[in-house]
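These notes are about the structure you will find just below.
Only the coordinates and a few stated rules stand behind these numbers; no lab work does. Predicted model, so just to flag it, every value in this text is computed and none were measured. Note that we place each Cβ from the backbone using ideal geometry, even for glycine, and neighbour counts take in every protein chain shown.
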Amino acid sequence: MSPTTRQTMAQMLTGQWRSAKDLAAALLITPAEVEQHLVHLARSHQQKLRQRPAACRACGFQFTSRRRLDAPGRCPRCKAQRVAGPWFSLEP
Ligand SMILES: [Zn+2]
């Protein structure tokens with residue numbers, strides 16, 4: 001039996017930082033689906049989900065107050081659409 005998308009995502013994240021975009025591209029799912037899986041992974045207490053906030057590549061703005069887990073579209077400070085992250089990892 002092949003592992004589910006969520007199991008594959010958990011394997012990708014264990015001990016490694018991955019951005020929401022990387023996960024969507026690697027698993028061939030939408031950013032919204034990535035967010036749903038991350039929410040479930042964060043709730044399961046088998047492994048602790050760590051997060052690093054998204055950041056603007058243009059001005060360095062950090063999305064530290066953002067509650068959602070998907071990637072922001074544009075920077076609220078400089079309006080550039082060059083946002084990196086957010087990144088996630090599961091503690092091994
Ligand atoms: Zn910016």
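Give the Debye-formula value of log10 I(q)/I(0) at each listed q (0.17, 0.21, 0.22, 0.25 Å⁻¹), with one equal scatterer per alpha carbon of the range 1-71, two decimals each.
-0.65, -0.95, -1.04, -1.28
How many nm separate the modelled label positions at T64 and L28, each set 7 Å beyond the Cα in the direction of the Cβ?
It is 4.0 nm.
Quote the FRET efficiency, to the nearest 0.05, computed for Q47 versus K79 with a Förster distance R0 of 30 Å and r equal to the Cβ-Cβ distance.
0.25
What is the magnitude of the charge dipole of the chain about its Cα centre, with +1 placed on the Cβ of each Lys and Arg, -1 on the Cβ of each Asp and Glu, and no other charges, expressed in debye to the nearest 20?
Numbers: 15 positive and 5 negative charges, 94 e Å.
Here the chain has a charge dipole of around 460 debye.
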